[in-house]
Amino acid sequence: MPEIIIVKNEAEAGDIYGRCVADLIKAKPNAVLGLATGSSPLAAYRSLARIVKDESIDVSQVQGFALDEYIGLPLIHPESYHATIHRTVVEPLGLDPAKVHVPGDVLNGTPLEDGAKIASAGPAYDAAIEAAGGIDVQILGIGTDGHVGFNEPGSSLASGTRVKTLAEQTRIDNARFFDNDINQVPTHCITQGIGTIMKARHLVLLAFGSGKAEAIEETVEGGVSAFCPASALQMHPHATIIVDEEAASRLRHKDYYRYAYTHKPAWQGI
Ligand code: F6R
C-alpha cells in the first residue's frame, strides 16, 4: 500500500520530492532518476533545481530515463518528450544531456509503419535501464483514466516498454499542448510498461486538482486492476502518492493518511 501524503499545493509536494531526490544524489552521485513529462511534476523539478543550486550538489553523474514519448514526432518538435524533458529537467538541473534518455530517442520521428525499428526500441530501452543499475526514484503523474506513463486502462500490469495506442481521452487531455487541436496529437506512443515502472526502487506519484480525484480513489482504494493501471502501485514495496485536497477529496481514509503522515518520525523520510 502506498504512503499517501496530502499537501496544500503543488509547491509543497514539489519540496517533498526535491528534498528526497537531493538527499539521494548526495548519497549516490550517479543516482538514476525516472522522469515524467506533463504538468504534475513541474513544481517538483523546480524545487529540486533550487535545492541543487542552493546546496551546490554535484549532478554531473546523475542519469535519467523518461517514461514515454510520442511516436512520429521528431526529437526537435517542441512537444516531443525528448524536447520537454530537456527543457524542464536537463537544463534547469544542469544534468549531462548524454546521461538522460527518452524511449523515442532512437526513433526520432520514425513513422508507426516502420515496425522492425519501432518494435525493438522498447526492449532496448528496458535493457539500458538495467545496464544503468535500475531506476532509484521514478516520478509519476496520473491520467484522468488512471494511466501511468502511457499505460492506458487494459495495459498488462507486467508489461515492459513497448508501443501503445493512446486513449481518445488522453489525446483530448493533451490537445492543450497542440493548439487545442486533437488532430495534431499523435495516436501512438512508446512507454515504459507497468512492469518496468514497478522495478524502480521508489515510486513517487503526484496528482493535483479535482479532475484527478476519481483516478486517485481507484488507484488507492479500488482493487488492483489493469483497468486502473496506477492501482499496480498497491503492490509496490515503496510507493509514495502526494496529492492536494482536491485530488484526495474522494478518499475514504484520508483522515488516517493525514494522521499517519503527521505522526511519522522525521528520520523515515518518504
Ligand atoms: C507523462 C506521462 C503521463 C502523465 C499523465 C498526467 O510522461 O507519462 O502519464 O503523467 O498524463 O499528465 P499531467 O501531469 O499533465 O496531468
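By per-residue mean of other Cβ atoms within 10 Å, what is the highest-first order of 178-190, 40-52, 258-270? Each step should come with its number before you reach the end.
Working: 178-190: 15.1, 40-52: 20.8, 258-270: 10.2.
Peptide ranking by packing, descending: 40-52, 178-190, 258-270.
For the range 1-105, how many pairs of lysine residues have a Cα-Cα distance under 21 Å, where the two are 8 or more positions apart or belong to different chains? Let's see the in-between values first.
Working: 26/53; 26/99; 28/53; 28/99; 53/99.
Within the range 1-105, the lysine pair count is 5.
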In sequence order, calculated HN-Hα J values of the range 156-173 (Karplus, 6.51, -1.76, 1.60; Hz; x Gly/Pro): 5, 6, 10, 5, x, 5, 6, 7, 9, 8, 6, 5, 3, 4, 5, 5, 5, 4
Amide H to amide H, which residues 5 or more places from residue 209 or on other chains are under 5 Å from it, using H placed in the peptide plane? 244, 246, 247
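Give me the net charge for the shell around residue 175: Cβ to Cβ below 12 angstrom, other residues only, Lys and Arg +1, Asp and Glu -1. Spell out each step's value before the answer.
Details: positive: 171, 176; negative: 79, 168, 173, 179, 181.
Result for the local shell: -3.
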Would you grab the residues whose amide H sits under 5 Å from the one on residue 138? Only those 5+ places off in sequence or on another chain, please, with H modelled 1.01 Å from N. 34, 202, 203, 204
For residue 66, the residues 5 or more places away or on another chain with a placed amide H closer than 5 Å to its own amide H are 35, 101, 102
Per residue accessible area of the range 134-195, 1.4 Å probe, in Å²: 35
Sum of -39500 (n - 2.57) over DSSP H runs of 4+, divided by residues of the chain (222 nm, nearest 500): -9500 deg cm²/dmol
Of the accessible area of the range 139-270, with the probe set at 1.4 angstrom, what percent is carbon plus sulfur? 53
³J(HN,Hα), Karplus 6.51/-1.76/1.60, whole Hz, each residue of the range 233-241, x for Gly, Pro: 4, 4, 9, 8, x, 8, 10, 10, 10
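The values are calculated or read from the model by the stated rules, or taken from the named source; none is laboratory data. Note that the structure is a prediction, hence the values are computed from the model and not measured. With ideal geometry, Cβ positions are generated from the backbone for all residues, glycine too; neighbour counts draw on all protein chains shown. The area values use the complete protein model at the heavy-atom level, side chains included, leaving out ligands, DNA and RNA. Shrake-Rupley method; radii C 1.70, N 1.55, O 1.52, S 1.80 Å.
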